[in-house]
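The values are calculated or read from the model by the stated rules, or taken from the named source; none is laboratory data. Since we're looking at a predicted model, the values are computed, not measured. Note that each Cβ is placed from the backbone with ideal geometry, even for glycine, and that neighbours are counted across all protein chains shown. The protein model used for the area step is the full one, side chains on, heavy atoms only, and it has no ligands, DNA or RNA in it. Shrake-Rupley method; radii C 1.70, N 1.55, O 1.52, S 1.80 Å.
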Amino acid sequence: MGRPRGLRFLYVAAMQPRTASFGSRFRPRLTPFTVIGAAFVVLLLISQFYVTSHFFSRGSMSVLTPLIGVMVIVAVGQAFVMGTGGIDLSVASVMTLVGSIVLKQSQNQNGRLIGALVFCFVACVVIGLINGIFIEALRLNALVVTLAVGQLVAGYTRLYRGNVLAYTDVPRDLSRAAGADIGGVSYLLVVSVGLAFVGTFFLHRMVEGRRLVASSAAPGTALLVGLRASGYRILAYVIAACSYGVGGVLLAGQLGTPDLTLGDPYLLTSIVAVVLGGAALTGGRVSPLATLLGAAFITILDYDLRVRGYSSGMRLLTQGIVLVLALSLAYGIRNLSRMGSIFRRAGPGRAELTQGVVPIS
Amino acid sequence: MPEPILEISGVNKSFGPVHVLRDIDLAIYPGQVTALVGDNGAGKSTLVKCIAGIHSIDSGTVAFEGKPVILNDPRVAAALGIEFVYQDLALADNLDITQNMFLGREIRRFGFLADGQMERKARETLTSLSVRTVSSVRQSVASLSGGQRQTVAIAKAVLWNSKVVFLDEPTAALGVQQTRQVLELVRRLADQGLGVVLISHNMNDVMEVADRVAALYLGRIAAEVLTKDSSTTQIVELITAGRSGDIGLAPATANESI
């Protein structure tokens, strides 16, 4: 059993729980993670060699990486909710709301920014709790509840902003922070990748994360074991709302003048990104890192189409097609492994293996 | 006769107008397998869920090691050392064997999961039960056969130095070979000094591993008999009619409609 090194070590460390048989588990397999990883690499190659020869240039990176960064943060939040078997349609309204809060509370003064961010955080926690409690405690349909909450938040945002805006720009500190980059790569992307790793760490290495996974995929089991399963699922909605909040604030900083349509493009795309990351819509399978790749994929695809001069109608159409393809592919991969095991069981070697006595490794 | 480790007396439970359990008295002894048998709807699973704390009891008392206890939460039963292996298995498909065995009671190191330690303990437990049917404690539960799942569920129950284990139909969906393995495991648990309650429909299983049989009939304990003193026919009569010869419920009670 060789010691894993380099990238492989990172992969194993992030994706797998630490085990005594550490390192022997790395085998290339057809999983949602490897599939979206491969698709992502292919898309990068197409972008560089077919769409534009300047894809990795500083110019296109400085346009693209902030977009990817916000997309990743929002999609990871959506992944937590979809992992519980729910769906969150309040994402766009929450992002728009925090954009407006930052605008109005900070009054274009750097000193008031912290207060505005605290206000945003409280708003997100409250929205997450409302979503979670309605869905988990009252057992209402996630689609309907989050749609309604989204509408409530959108309405409140309009009232909150009022008709005449005294300030149209976010504080300079925020736009500078959101616009910063290293060598053309936006800090937003760096932060979002960091968040995806934190999310993975939470799900795989922390007690609460593992209980969340169990409560999502096997709610009955979690109850029999004595976990507060609905509590953990409500937590997922709160985590998600807070991610949308972070995404919304950073996007507002990036744009400088957040308007009432700030979050709209993220409604469908965040769901597409999570599905691209191989999430089952019935809950259970959720990987922030695969979601990261899914978010990057859908953003780059949209960028490529824009560079090639396709209309917005064409781009929406493509997103729809990608969603359908990803859903069928995710289903196909799961069934493939099931079919594979049927074939293996039929083989003579496998039959011997299940009959015979195998020592515990 | 040793002292019973778990003693249930006068337990009643209703779901709305349906009186599911009526004055149940049952004693579980350490080192013995007590079979709980009864027809569909006789109240076996309800009784188990009442002891587990999933359902509350309407009246009656439960004593554990001679002391009265109130079981109103699955964690209370777990803390006492009463474990349950449910019919619907209670394993999370997307976690592996180790993760399932420690679900809800994870070992922490600096607040994080100590997976290596849990893996070792899981392996030790399986080895101590002479389980050789699972190849790795890191296997995902979704990939296990019915017998292997049952084995894991039972091993999970004994991981916690438990004193009483309830097994709800552990052999219901298993083949001959796997049933044999699970029954051997059940016997080993009792030989290690645990009080084992086996809920089963299968008379062969019951006659093979059980020391005592408690037959439930329409929410009542019809009789508690020793396996070595009774025949399959007698037990089947207790299950289906509530009485057999001069043991069981009084004819008037047995014929009472619910």
- Query: Tell me, what HN-Hα J-couplings in whole Hz come from the Karplus equation 6.51 cos²θ - 1.76 cosθ + 1.60 at θ = phi - 60° for each residue of region A:45-55, using x for Gly and Pro?
  - Reply: 5, 4, 4, 6, 9, 10, 6, 8, 7, 9, 4
- Taking A:Val102, A:Val122 and ranking on accessible area (1.4 Å, protein atoms only), highest first, one gets A:Val122, A:Val102
- Would you kindly find the accessible area of A:Cys242, with a 1.4 Å probe and non-protein molecules such as ligands, DNA and RNA excluded, rounding to the nearest 10 Å²? 30
- Heavy-atom SASA rank of B:Lys13, B:Lys67, B:Lys121 (probe 1.4 Å, accessible area, largest first): B:Lys67, B:Lys121, B:Lys13
- In sequence order, calculated HN-Hα J values of region A:107-118 (Karplus, 6.51, -1.76, 1.60; Hz; x Gly/Pro): 6, 6, 10, 4, x, 8, 5, 4, x, 4, 5, 4
- Note on the structure: Per residue of B:92-98, other chain Cβ atoms within 10 Å number on average 6
- Task: Return the Cα extents of region B:15-107 along principal axes one, two and three, sorted largest first, each rounded to a whole Å.
- Result: 40, 31, 27
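Quick one: compute a quarter of the convex hull surface over the Cα atoms of chain B and quote it in nm².
14.4
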- Note on the structure: For B:Lys228, the lysines lying under 27 Å Cα to Cα, once residues fewer than eight places off in the same chain are dropped, come out as B:Lys44, B:Lys163
- Message: If you consider only alpha-carbon coordinates, what radius of gyration and Dmax does the protein assembly as shown have, in Å?
- Response: 29.2, 94
- Message: For B:Phe84, what residues show an amide H to amide H distance below 5 Å, using hydrogens built from the backbone and excluding near sequence neighbours?
- Response: B:Phe166
- Among the chymotrypsin sites (Phe, Trp or Tyr not before Pro) in region B:12-121, which ones are in a DSSP loop with at most 16 other Cβ atoms within 10 Å of the Cβ? Mind listing them? B:Phe110
- Provide a whole-number value for the mean count of partner chain Cβ atoms within 10 Å of the Cβ atoms in peptide A:199-207. 3
- Query: Carbon and sulfur atoms: what percent of the 1.4 Å accessible area of the protein assembly as shown do they account for?
  - Reply: 60
- Message: Could you sort B:Arg138, B:Arg120 by their accessible area in this structure, using a 1.4 Å probe and putting the largest first?
- Response: B:Arg120, B:Arg138
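Peptides B:210-223, A:108-121: what's the order by average Cβ count within 10 Å, highest mean first?
Descending mean neighbour count gives B:210-223, A:108-121.
What value in Å³ per residue do you get for the convex hull of the alpha-carbon atoms in region B:91-162? Numbers along the way, then the final one.
Numbers: hull volume 5.9 nm³, N = 72.
In region B:91-162, the Cα convex hull volume per residue is 82 Å³.
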- For B:Lys121, list the aspartates and glutamates whose Cα falls under 12 Å from its own Cα; do not include residues on the same chain fewer than 8 positions away. B:Glu106
- Would you pull out the residues with amide H under 5 Å of B:Leu194's amide H, same chain only if 5 or more places away, H placed 1.01 Å from N? B:Gly31
- What does the accessible area of A:Thr168 come to, in Å² to the nearest 10, when a probe of 1.4 Å is used? 80
- Would you pull out the residues with amide H under 5 Å of B:Ile5's amide H, same chain only if 5 or more places away, H placed 1.01 Å from N? B:Ile28, B:Tyr29
